[in-house]
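Please treat every number below as a calculation from the coordinates, not as lab data. Everything quoted here is computed from the prediction, not taken from an experiment. We place every Cβ from the backbone using ideal geometry, glycine too, and count neighbours over all the protein chains shown.
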Amino acid sequence: MTDLQLRFVPDPVLRAVCAPVTVFDAKLAALAKGMLDVMYAAPGRGLAAPQVGIAERIFVMDATWKEGTTDPHVFVNPEMVACSDQVAVLSEGCLSIPDQTSRVARPAQVTLRWHDLNGTPQAGTFIGFAAACVQHERDHLDGILCTDYPEAP
Ligand SMILES: [Zn+2]
């Protein structure tokens, strides 16, 4: 899937409400691998399908590879099922919005459910950078960008 190309604002695909993934096949696995390749090359820590022009509910994340530990994850049809009252502010960048960061306040801890590439349900709880990242990427699947939030102090 080396034909995947990063999309940048104001590409309308970045504002699409993405469709649920219903077929868990080799094509989906190839898409996920291609998305990870684009993410590592960018270089970034998270990438959602609309950022490569595909309006489907899938994103990839590797929160730690820049520190030397490669830990790729694929989230299909992710849903946030719980979040903390405690809020954390992080300066977020987006591969689709070059040379810009925005300070976004989000729940400091979130629990997600999703499907893996085999269609098997998964769940996990995320804190710190990973919590902000999964929320940022999940937002992409509803056409929401980090620059849509009011700048946090
Ligand atoms: Zn982004």
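Could you tell me whether any residue of the stretch 130-144 is surrounded by fewer than 14 Cβ atoms within 10 Å (Cβ to Cβ), more than 16 Å from the ligand (Cβ to nearest atom) and under 22 Å from VAL21 (Cβ atoms)? Looking through the stretch 130-144, none of the residues is surrounded by fewer than 14 Cβ atoms within 10 Å (Cβ to Cβ), more than 16 Å from the ligand (Cβ to nearest atom) and under 22 Å from VAL21 (Cβ atoms). Look at (1) away from the ligand (no atom under 15 Å from the Cβ); (2) in contact with a strand residue (DSSP E or B) (Cβ under 7 Å, 6 or more places away or on another chain) and you find that LYS27 fails only one, number (2). Selection of the stretch 81-99 for residues being away from the ligand (no atom under 16 Å from the Cβ), part of a strand (DSSP E or B) and surrounded by 15 or more Cβ atoms within 10 Å (Cβ to Cβ) yields CYS83, ALA88. Number of residues in the stretch 100-125 that are in a strand (DSSP E or B) and farther than 21 Å from TYR40 by Cα: the value is 18. Taken over the stretch 18-76, residues that are in contact with a Lys or Arg (Cβ under 8 Å, 6 or more places away or on another chain), over 21 Å from CYS146 (Cα atoms) and in a loop (DSSP other than H, G, I, E, B) amount to 2.
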